[in-house]
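These notes concern the structure reproduced below.
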Amino acid sequence: MDDNTAEKRNETIAALNAALAGLENGEDLSRFTGGHGFMSRRFEFEWSEPALEIDFRLPYARILADEETQADDAAEIGAAIRMAILLLTVEGMKTDGADGTVVSVWVDENGAGYSIRDAQGELVDSANDWSGLVHRLESALPEGEENLSVIWP
């Protein structure tokens, strides 16, 4: 991993942390959003490097939706931001070089999922939810890692 990738990853993690704090404080997301209009705004986050691919696209700030739907949207975006932070952090902790494994993670209004492929492109694991991936990522964290916790809505 080169210094530019590590620096970009750290800057992105900081921006995601700031976005999460703002979201939890009821502030409008100023980054990581796309779309326009009352019902078509979206939280959008993409990341691509050889071992990690992230594609998150969730409804955001649907003004015409009821309060419960808006709260559910915010909770899903919060979970997606936490997942992105976790993925980027674990990827940044790797010190053994690239083994060719590729982790792809996605979420949109239709659901969430992940796949893990080995260096030959063979599917190692996949699911249409993140529970198995969260378990794998928690297992990858070093013993005593206290700076990172996985909290889901």
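The values are calculated or read from the model by the stated rules, or taken from the named source; none is laboratory data. Treat the numbers as computed from the prediction; the structure is a model and nothing was measured. Note that each Cβ is placed from the backbone with ideal geometry, even for glycine, and that neighbours are counted across all protein chains shown. These area figures cover heavy atoms from the full protein model, side chains too; ligands, DNA and RNA do not enter into them. Shrake-Rupley method; radii C 1.70, N 1.55, O 1.52, S 1.80 Å.
Kindly evaluate residue 49 against the criterion of being modelled with pLDDT under 95 and either in contact with a Cys (Cβ under 6 Å, 6 or more places away or on another chain) or open to solvent by 20 Å² or more (accessible area, probe 1.4 Å) (or both).
Yes.
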- Here are 44, 49: which of them is touching an Asp or Glu at 6+ places or on another chain (Cβ under 8 Å) and at negative phi? 49
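Quick check on residue 54: is it closer than 24 Å to residue 129 by Cβ, in a helix (DSSP H, G or I) and open to solvent by less than 40 Å² (accessible area, probe 1.4 Å)?
Working: closer than 24 Å to residue 129 by Cβ: yes; in a helix (DSSP H, G or I): no; open to solvent by less than 40 Å² (accessible area, probe 1.4 Å): yes.
Criteria not met by residue 54.
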- Members of the range 93-135 found to be closer than 28 Å to residue 31 by Cα, of a type outside the set (A, V, I, L, M, F, W, C) and assigned to a helix (DSSP H, G or I), listed by number: 131
- Tally of residues being in a loop (DSSP other than H, G, I, E, B) and within 15 Å of residue 44 (Cα to Cα) across the range 57-92: 3
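In the range 70-89, how many residues are open to solvent by less than 20 Å² (accessible area, probe 1.4 Å) and either closer than 25 Å to residue 3 by Cα or touching a helix residue (DSSP H, G or I) at 6+ places or on another chain (Cβ under 8 Å) (or both)?
Of all residues in the range 70-89, those open to solvent by less than 20 Å² (accessible area, probe 1.4 Å) come to 73, 77-81, 83-88.
This time we only want the ones that are either closer than 25 Å to residue 3 by Cα or touching a helix residue (DSSP H, G or I) at 6+ places or on another chain (Cβ under 8 Å) (or both), so: 77-78, 81, 83-88.
Qualifying residue count for the region: 9.
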- Note on the structure: Checked the range 19-46 for anything assigned to a loop (DSSP other than H, G, I, E, B) and surrounded by 14 or more Cβ atoms within 10 Å (Cβ to Cβ); matches are 29, 32, 35, 41
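When you scan the range 26-61, how many residues do you find that are in contact with a Gly (Cβ under 7 Å, 6 or more places away or on another chain) and hydrophobic (A, V, I, L, M, F, W, C)? Steps first, please.
Of the range 26-61, the ones in contact with a Gly (Cβ under 7 Å, 6 or more places away or on another chain) are 29, 41-42, 44.
Retained after the next criterion (residues that are hydrophobic (A, V, I, L, M, F, W, C)): 29.
Residues meeting the conditions: 1.
Residue 16 - would you say it is within 22 Å of residue 118 (Cβ to Cβ), part of a helix (DSSP H, G or I), open to solvent by less than 70 Å² (accessible area, probe 1.4 Å) and touching a Phe, Trp or Tyr at 6+ places or on another chain (Cβ under 9 Å)?
no
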- Query: Give me the pairs: first residue in the range 58-69 and open to solvent by 40 Å² or more (accessible area, probe 1.4 Å), second residue not in a loop (DSSP other than H, G, I, E, B), beta-carbon distance under 7 Å, and six or more apart or on different chains, which are they?
  - Reply: 62/69; 62/70; 62/73
